[in-house]
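**Student:** Structure incoming, see below.
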Amino acid sequence: QVQLVESGGGLVQAGGSLRLSCAASGRTFSSYAMGWFRQAPGKEREFVAAISWNSANTNYADSVKGRFTISRDNAKSTVYLQMDSLKPEDTAIYFCAASRNSIGSIRYNYAYWGQGTQVTVSS
């Protein structure tokens, strides 16, 4: 089992940057693909980015491609989401999630979820 705790959210102006972190417990972190999702008020939770267990493969939603970068450090059991050129429409609660077998965008492939961290981008 994996427990996930996100941090790094906050309030930032449009055009600014934030770096989210997700710390995982357990000794099997390196065997999981990791993903980031987000949920804005009144909207469905949507895929943002994912990374394979060995960082060899990544996947991004079109809406964040070129602005966000996902990375991981297996020695620290942590996954990161560097968010640059932020827009007001990026405002949401951001969740990290762990999957045994997928870096895809389907949320049901992710078995473990954190509690989320709020990101607010002002215009």
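**Student:** Which value, in debye to the nearest 20, gives the size of the charge dipole of the chain about its Cα centre, when Lys and Arg are +1 and Asp and Glu are -1 at the Cβ?
**Tutor:** Here the chain has a charge dipole of around 240 debye.
**Student:** Along the charge dipole of the range 33-123, which of N59, W113, Y94 sits closest to the positive end, that is, farthest toward it, with unit charges on the beta carbon of Lys, Arg, Asp and Glu (+1, +1, -1, -1)?
**Tutor:** Ranked along the dipole, the leading option is W113.
**Student:** Please identify the trypsin sites (Lys or Arg not before Pro) of the range 40-123 that satisfy two criteria: DSSP loop assignment and at most 13 other Cβ atoms within 10 Å. Which are they?
**Tutor:** Passing both the DSSP loop test and the Cβ count: K43, K65.
**Student:** Which loop-located GluC sites (Glu not before Pro) does the range 1-88 contain, where loop means any DSSP state but H, G, I, E or B and the Cβ has at most 14 other Cβ atoms within 10 Å?
**Tutor:** Listed in order of number, the matching sites are E44.
**Student:** When we measure straight from the Cα of K43, which lysines land under 25 angstrom away, once same-chain ones fewer than 8 places off are left out?
**Tutor:** Correct list for K43: K65, K87.
**Student:** Apply the Karplus parameterisation 6.51 cos²θ - 1.76 cosθ + 1.60, with θ equal to phi minus 60°, to every residue of the range 37-52 and state each ³J(HN,Hα) to the nearest whole Hz, in sequence, with x for glycine and proline.
**Tutor:** 10, 9, 9, 8, x, x, 10, 6, 5, 10, 5, 10, 6, 8, 9, 6
Laboratory data are not the source of any read-out in this text; all were calculated from the coordinates shown. What you see is a predicted model, and the numbers here were worked out from it, not measured in a lab. In this analysis, Cβ positions are derived from the backbone assuming ideal geometry, glycine residues included, and neighbour counts consider all displayed protein chains.
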